[in-house]
Amino acid sequence: MTRNLTKGEPGKIILLFALPMLFGNIFQQMYNMVDSVVVGNFVGADALAAVGSSYTITFGVTALAFGLGNGASILIGQYFGAGRSREARHSIVTSMTFAILFSLVLSVACIFLCAPLLRLVNMPKSIFPMSMTYMRIYFLGLVFTFAYNMLSSVFRALGDSKTPLIFLIVASVVNIVLDLVFVINFKMGVAGVAWATIIAQAVSSVLALVALKRRLADMQQQDPAYAPEGHETFRQQLSLPLLKKMIRLAIPTTAQEIAISGGMIIMQAFVNGYGPRIMAAYTAAAKIESLAMMPIINISTAVTSYSAQNMGAGEIERVKSGYRASLRISFVFAAVLGGAIVLFGHSLVGIFVSGEGAAEVAAAGANYLLYSAFAFIFMALLFPAEGVMKGTGDVNFFMLFAIVGIVAKVTAALTLSPAMGYTGLWLAVVIGWGCEAVCTTLRYLSGKWKTKGIIQHPVAAAETAAEQ
């Protein structure tokens, strides 16, 4: 069900909108963690390291899906907030079509580039074959990854965060069941984990696509200009001008995601230099960190949809109120979850591995989570401002801010790791988050985002001019 986010108390709207996404991401992280737990316990620490190290590369590719989804959600959300349902509908059809075609081409390219990418991250020879197997299978199903991410972005832009939750729960259950069957019963190793992921994403994508088709039909019937005899065909709903707008909005956020991925690959290369056990520790701790930071990220995603609709409606004051409310909520989550991973970090990492080397893996992973807890403070500062900037269309500085964070992280890693060992890498991650958070917050405070909307409103323009 679509929802108008331009009415009601901002903090309550953002929190309620974020909750289904939070539950959905918890399920998603759960099945990602099940991947790691099953592999670590039933295949071995080397297999866990292989899957975890491959993640930095697969994330880099799926970052393109996130970027396209961001561009589409800004476009759709602002048109929907302005009450221009036809442009919103055409934006949906155009964005989905482009994402599917693009992902098919990218899938073929990535399958051929697996080996060079693994060498790029300094993958140890002992786990190289397992990583190759996992990545090639994963890239076969890239179209489903792109489809689901784009579909989720579309529903959120329309004010609906519940529908993606339903299909994500389905995917999580399918993935977990297939993990257990393929790895434990069929002894398929890392290949079983990869096939389970592809099949689960395929199921959720198809179901979500069917739901979207019905939603589009409803939107067309509710269009004041709609007449049954004037029903638009699929081809008539494709729009090159809207595609250009979507790509223009998507390029900066996609570049940001790619830059972040590049930073992850560089960090993974540093970690890989310390051997499979530290790699396994980093993999396990990163999974826990990803789960813990989900509430803050979900608040940011909710702010993006909220800001897009309110920007489309010209409600600048509501955008600012939403930012302040999301900042308070994010800091509460950061304090609670940061404290939790410090207190229980060793036990949580220990779940992922057993047998020889498990104690060393758990200790190194808990050490990473200690530093991660401090990084949560910067995440709570960064993500609300980032959500506003994405929703309002002020996206051109994202890549620059991401690069600033990466340069700071890499410089700190090169400086600190020779003296502190892998602990220096953990501290470098905190420094990277801090630099990116400061840059993004300063951009929000500048107020430049008020003039970046697709739909310009006289009131918003006058307010911005007065402040300058």
Working only within the stretch 372-403, note down all residues that are open to solvent by 40 Å² or more (accessible area, probe 1.4 Å) and not in a loop (DSSP other than H, G, I, E, B). F374, I377, F378, L381, M399, L400, I403
Selection count where residues are surrounded by fewer than 19 Cβ atoms within 10 Å (Cβ to Cβ) and in a helix (DSSP H, G or I), scope the stretch 166-186: 9
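Looking at S300, S330, S326 in this structure, which one is touching a Gly at 6+ places or on another chain (Cβ under 6 Å), open to solvent by less than 30 Å² (accessible area, probe 1.4 Å) and part of a helix (DSSP H, G or I)? Break it down stepwise before answering.
Values: S330 fails: touching a Gly at 6+ places or on another chain (Cβ under 6 Å); S326 fails: touching a Gly at 6+ places or on another chain (Cβ under 6 Å).
Criteria check complete, one pass: S300.
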Yes/no for L369 being surrounded by fewer than 24 Cβ atoms within 10 Å (Cβ to Cβ) and not hydroxyl-bearing (S, T, Y): no
Can you tell me which residue among I288, I266 is surrounded by fewer than 24 Cβ atoms within 10 Å (Cβ to Cβ) and touching a helix residue (DSSP H, G or I) at 6+ places or on another chain (Cβ under 7 Å)? I266
Considering only the stretch 340-360, I want to know if a residue exists there that is touching a Gly at 6+ places or on another chain (Cβ under 9 Å), open to solvent by less than 20 Å² (accessible area, probe 1.4 Å), hydroxyl-bearing (S, T, Y) and at pLDDT below 90. no
For a quick check of your reading of the model, give me the residue pairs whose first member lies in the stretch 349-363 and is at positive phi, whose second is surrounded by 16 or more Cβ atoms within 10 Å (Cβ to Cβ), with beta-carbon atoms closer than 9 Å and at least 6 apart or on different chains. G355/N41; G355/G44; G355/A45; G357/A45; G357/P276; G357/R277; G357/A280
Give me the pairs: first residue in the stretch 36-51 and under 14 Å from I176 (Cβ atoms), second residue among the hydroxyl-bearing types (S, T, Y) and in a helix (DSSP H, G or I), beta-carbon distance under 8 Å, and six or more apart or on different chains, which are they? S36/T283
Taking the stretch 57-78 and keeping only residues that are open to solvent by 10 Å² or more (accessible area, probe 1.4 Å) and more than 30 Å from M132 (Cβ to Cβ), one is left with N70, S73
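Is there a residue being of a type in the set (K, R), in contact with a helix residue (DSSP H, G or I) (Cβ under 9 Å, 6 or more places away or on another chain) and touching a residue at least 60 places away in the same chain (Cβ under 8 Å) anywhere in the stretch 1-16? So that I can check it myself, show each step before the final result.
Pass one, the stretch 1-16, residues of a type in the set (K, R): 3, 7, 12.
Narrowing the set further to residues that are in contact with a helix residue (DSSP H, G or I) (Cβ under 9 Å, 6 or more places away or on another chain) leaves 3, 7, 12.
With touching a residue at least 60 places away in the same chain (Cβ under 8 Å) added as a condition, the list becomes 3.
Yes - at least one qualifying residue is present in the stretch 1-16.
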Candidates M130, M123 - the one that is among the hydrophobic types (A, V, I, L, M, F, W, C), assigned to a loop (DSSP other than H, G, I, E, B), out of contact with any Lys or Arg (no Cβ under 6 Å at 6 or more places or on another chain) and crowded, with 19+ Cβ neighbours inside 10 Å: M123
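The values are calculated or read from the model by the stated rules, or taken from the named source; none is laboratory data. All of these numbers come straight from a predicted model, not from anything done at the bench. Cβ: placed from backbone, ideal geometry, glycine included. Neighbour counts: every protein chain shown. What goes into the accessible areas is simple: the full protein's heavy atoms, side chains included, and nothing from ligands, DNA or RNA. Shrake-Rupley method; radii C 1.70, N 1.55, O 1.52, S 1.80 Å.
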